[in-house]
Amino acid sequence: MEKDVVILGIESSCDETAAAVVVNGRRVLSNIISSQIETHKLYGGVVPEIASRKHIENIDGVVKEALESAKVSLDDIDAIAVTYGPGLVGALLVGVAHAKALAYTAGKPLVGVHHIEGHVSANFIESEELEPPFICMIVSGGHTHLVKVADYGSYEIIGRTRDDAAGEAFDKVARAIGLGYPGGPKIDKLSQEGDENAIEFPKAKIADAPYDFSFSGVKSAVLNYINICNMKGEEVNKADVAASFQKSVVDAIVSRTMMAAKEYKIDKVALAGGVAANRGLREGMKKACQELGIKLYYPAPVLCTDNAAMIASAGYYEYMKGIRHGLDLNAIANLRLGERVGNIR
């Protein structure tokens, strides 16, 4: 029987300080998350400098809690995986520096992980039977990527957003109709009270790139609708706006995902990223997959938002491929999916 591989994962790319212990990329022993949402609510969004300072305050305690909750010590850890991009550079630096210090003092291998690869890997934790290849729709506050996962750590980007990410559009529309931050969950909740067919918002298509996305147009259409109502003195039905906006975004995402699954002849589709927790998106994707006989996978909500279990899972597959980073590993705010940077040996 092969020895279990135990990975300590560390995540600090935005406003969650997180650490987790995961066995063989699938079994979670602990997953500790310290969220800064209440702090950033005061400003209507994430303030990078504040996020970095909070990470410094929290990271040591979060890592210790993850180890204690998993009932392991650093001696039991086979490698330390850490997010090194993309994300807020100051926030990333806190996690990378802490992981390097732990790796050096404990004499453990260091594995840098791409944040989006972590989101994809959350599906391996949720669904132990899931194996590549599959189509993955990655939808978050900073990213909207349609990807073919050919193998562990091997990705082909089929489509991406040309402007706003879907989650970014959710936040901006939520702010426009007075819901506040974070916008995604609030739009999703309010949309359940509205009529999704009340207002027809546009679904942008890009002629030379059928799999690419654009959400700036629908965001602008919502803002124009609200302004016109205000100029006419008409009351804005916020629930109808939320439901109609969400339908436009969901339809765009689902249609392209199904088109990719058919073209690539792949009968497995996964969702990943914070917006993967959206009720409307899950229901829309579930209905479309059932019609085409496609198996749908998505993580539990706690694994959709930023967490370290997904980083430990992705780190496991990198570690098993022999990926090791040196202590010169640095944070890279705009790291591209599939890119390997740093002293890899």
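The values are calculated or read from the model by the stated rules, or taken from the named source; none is laboratory data. Bear in mind the structure is a predicted one, so any value in this text is a computation, not a measurement. Glycine gets a Cβ as well: all are built from the backbone with ideal geometry, and neighbour counts include every protein chain shown.
Quick one: A122 ticks every box in (1) modelled with pLDDT under 95; (2) of a type in the set (A, V, I, L, M); (3) within 22 Å of K321 (Cβ to Cβ) bar one, so which box is it? (1) is the only condition that A122 fails.
Residue check: V120 meets all listed conditions (1) without any contact (Cβ under 8 Å) to a residue 12 or more places away in the chain; (2) crowded, with 24+ Cβ neighbours inside 10 Å but one, namely (1). Among the residues of the range 162-190, those identified as within 19 Å of I116 (Cα to Cα) and not in a helix (DSSP H, G or I) are R162, D163, D164, A165. Restricting attention to the range 295-333 and to residues that are among the hydrophobic types (A, V, I, L, M, F, W, C) and over 23 Å from S140 (Cα atoms), the residue that is surrounded by the fewest Cβ atoms within 10 Å (Cβ to Cβ) turns out to be L327.
Apart from one condition, I158 fits all of (1) under 27 Å from M259 (Cα atoms); (2) in contact with a Ser or Thr (Cβ under 9 Å, 6 or more places away or on another chain); (3) surrounded by fewer than 23 Cβ atoms within 10 Å (Cβ to Cβ); the exception is (2). Evaluated against (1) under 16 Å from the mean Cα position of the chain (by Cα); (2) over 14 Å from L303 (Cβ atoms), P132 falls short on exactly one condition, (1). Restricting attention to the range 21-49 and to residues that are within 17 Å of T305 (Cβ to Cβ), polar (S, T, N, Q) and modelled with pLDDT of 95 or more, the residue that is surrounded by the fewest Cβ atoms within 10 Å (Cβ to Cβ) turns out to be S34.
Yes/no matrix, rows are residues, columns are (1) in the same structural domain as I10 (by TED's automatic domain parsing); (2) surrounded by fewer than 22 Cβ atoms within 10 Å (Cβ to Cβ); (3) of a type outside the set (G, A, S); (4) within 19 Å of I332 (Cα to Cα):
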site: A51; (1), (2), (3), (4): yes, no, no, yes
site: H55; (1), (2), (3), (4): yes, no, yes, yes
site: D60; (1), (2), (3), (4): yes, yes, yes, no
site: A66; (1), (2), (3), (4): yes, no, no, no
site: V72; (1), (2), (3), (4): yes, yes, yes, no
site: D78; (1), (2), (3), (4): yes, yes, yes, no
site: A91; (1), (2), (3), (4): yes, no, no, yes
site: V96; (1), (2), (3), (4): yes, no, yes, yes
site: G107; (1), (2), (3), (4): yes, yes, no, no
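Kindly evaluate V111 against the criterion of being within 19 Å of M310 (Cβ to Cβ), under 21 Å from the mean Cα position of the chain (by Cα), among the hydrophobic types (A, V, I, L, M, F, W, C) and modelled with pLDDT of 95 or more. Judged against the criteria, V111 is a match.
Considering every residue within the range 246-253, establish whether at least one is assigned to a loop (DSSP other than H, G, I, E, B) and surrounded by 19 or more Cβ atoms within 10 Å (Cβ to Cβ). No, the range 246-253 contains no residue that is assigned to a loop (DSSP other than H, G, I, E, B) and surrounded by 19 or more Cβ atoms within 10 Å (Cβ to Cβ). For E193, the criteria (1) crowded, with 20+ Cβ neighbours inside 10 Å; (2) more than 30 Å from V120 (Cα to Cα); (3) at pLDDT 95 or above hold in every case but one, which is (1).
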